[in-house]
Amino acid sequence: MTVTVRSFAKINLGLHIGPPRPDGFHELLTVYQTIGLHDVIRVSVHRGTGIEIRCSDARVPRDDSNTCFRIVDRAMKALGAKGHVTIGIEKRLPVQGGLGGASANAVATLLALERALKKSLPAAQKLQIAAEVGSDLPLFLVGGTVLGVGRGEQVYPLPDLPATACVVVTPKVGVSTPNAFAQWDRRAQGAGGAAIAAQVLKRKKRTNAPKLTPSSPSDRMNELGRSLSAWLSEPYSSAPSDVRKRRGRAGNPLLWLVRAGIENDFEQVVFPEYPELCEGKRALARAGAKYASLSGSGSTLYGLFAERDAAIRAVAELRKQGWAALATATVTRRQYWSRFLV
Ligand code: C5P
């Protein structure tokens, strides 16, 4: 039996980088949001042993460096299962950093494998295995709008946000995530620390916060934490009857969140190195995005739009300017799971 599933991508709605940890990873605070762009994964198990990856895209590795390979290897051991596992990866997503494509593929493979074997692991063990393979895998076991803390692998489902029109831009350049983190550390610790502090102060001025001393990385994590708490306790703890009040306030609570001042810290180190990415963000804003940002460490950029038609018009405009752009929408948790099986 072949099990076929959709492997949805994610974007980051804000990402704050905290201090480096003794294990070399960084504390993160981010909101992940799944989106409609997806790959298709097919898993089958036959007699024999071994893990075989089939993919027509030459950029996808077929060996044990592939996240799908690594998760199946772990899951087969944990399940005490035997067999030859074939994983077919139909790449529809741009193979571009920031969308979590490889991470999503791995989680989709794990869930398809369970169905193919008619065996399942406890949820906590799946989360653990996913986190061992990579920091941004566990979010795909939740779907929808997800709070990510720790190194990004500790995930908490947030109240589902309404599906929102979104445009994804995939510039040609690639950004190395470890390099972007290293660059962040150099800037935070070295001479660049002053520049970051100045930007933080500028941000505080913009939000009318009292300007005291420049914030430390953990202060800044707290800042996002407070924005998130305010956001969650305001429109979402309210009963459904408060929908009208919510609409009156912002129309779309997702747009309300982004207007509250969420930012992706990676932009501070990635944009100076790749000015075309900053240009892409500006192009999204000019094309009508209510909010535009780098996703993860990039190079993917996205824009959120008030209406689907506006997103479609923006794609046409961006393509005219030479950008690779796709229209999609954010995917709620309910949609994520109802569309998961093909
Ligand atoms: O866990 P993942 O494979 O996504 O991490 C890739 C690399 O990104 C890590 O080896 C580490 O250098 C960096 N990283 C980090 N802090 C995080 C997540 C990733 O420094 N929270």
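For the pair R47 and R286, what calculated FRET efficiency results from E = 1/(1 + (r/R0)^6), where r is the Cβ-Cβ distance and R0 = 41 Å, to the nearest 0.05? Computed FRET efficiency for R286 and R47: 0.10. In this simple spin-label model, placing a label point 7 Å from the Cα along the Cα-to-Cβ direction at both K119 and N179 gives a separation of 4.2 nm. Ordered by the count of other Cβ atoms within 10 Å of each Cβ, fewest first, K281, K119 give K119, K281. With R₀ set to 30 Å, the beta-carbon distance separating D64 from E279 gives a calculated FRET efficiency near 0.20. Compactness ratio for region 1-59: Cα radius of gyration over 2.2 N^0.38 Å (N = residue count) comes to 1.71. Extending 7 Å from Cα along the Cβ direction at R334 and again at Q189 yields two label points whose distance is 4.8 nm. Sorted ascending by nearby beta carbons within 10 Å, beginning with the fewest, S297, S44, S103 become S44, S103, S297. Between region 111-157 and region 34-93, the alpha-carbon centres lie 16 Å apart.
Note that region 8-19 has calculated 3J(HN,Hα) couplings of 6, 8, 10, 10, 9, 8, x, 8, 10, 9, x, x Hz, one per residue in order, obtained from phi through the Karplus relation 6.51 cos²θ - 1.76 cosθ + 1.60 (θ = phi - 60°); glycine and proline are x.
Projected label points at R313 and M1, each 7 Å from Cα along the beta carbon direction, are separated by 4.9 nanometres.
Residues whose amide H lies under 5 Å from that of A329, counting only those 5 or more places away or on a different chain, are G36, L37, C166; hydrogens are built 1.01 Å from N in the peptide plane. Residue exposure proxy: D63, D265, D185, ordered by other Cβ atoms within 10 angstrom of their Cβ from fewest to most, comes out as D63, D185, D265.
Computed from the coordinates by the stated procedures, all read-outs in this text should not be read as laboratory data. None of the values given here were measured: they were computed from a predicted structure. All Cβ positions, glycine included, derive from the backbone under ideal geometry; neighbour counts span all protein chains shown.
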